[in-house]
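Computed from the coordinates by the stated procedures, all read-outs in this text should not be read as laboratory data. Source: prediction; values computed, not measured. Here the Cβ positions follow ideal geometry from the backbone for every residue, glycine too, while neighbour counts run over all protein chains shown.
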Amino acid sequence: MATIFTRIIDGEIPGTFVWRDDRCVAFLSINPMAHGHTLVVPIEEVDHWVDGDAELMAHLYSVTHVIGKALQLAFRPERVGVIVAGYEVPHTHIHVVPTNEMSELSFANAAAHVDRDELESAAAAIRAALRELGYDGVDG
């Protein structure tokens, strides 16, 4: 059975995308720790990140780096944190979170609900930052 992330990637469930290429996507978290919290997810279903081949993982981290730069530009946080936990959904994903202090990097801070307009606002800012950084193939 397809994971919820595969269903989002395939368009069965709505997602707020900011990136798509032949190996991965990036979309906004529906339970964000912070405004702009983005997930980088491989298109291929890989349950645990250590099971991903080295080339895929290198690509995911390369895209994570780009998304992190876009979050810095769009929201001007003190830091952009990265979490690879792997417990929430059995499909490898990297959380990229703009933060101003270490305590913000906690799943305890995750919003139970976020307004669709807030997600779209954050996505528009991230897409604009990606374009400013020279990435013209951004999704959305």
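Numerical summary
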quantity	calculated
Criterion violated by Ser103 - all others in (1) part of a helix (DSSP H, G or I); (2) in contact (Cβ under 8 Å) with a residue 40 or more places away in the chain satisfied	(2)
Some residue of region 74-86 being crowded, with 20+ Cβ neighbours inside 10 Å, of a type outside the set (Phe, Trp, Tyr), touching a helix residue (DSSP H, G or I) at 6+ places or on another chain (Cβ under 7 Å) and under 17 Å from Tyr135 (Cβ atoms)	yes
Given (1) part of a loop (DSSP other than H, G, I, E, B); (2) in contact with an Asp or Glu (Cβ under 9 Å, 6 or more places away or on another chain); (3) under 19 Å from Lys69 (Cβ atoms), index of the condition Pro98 fails	(1)
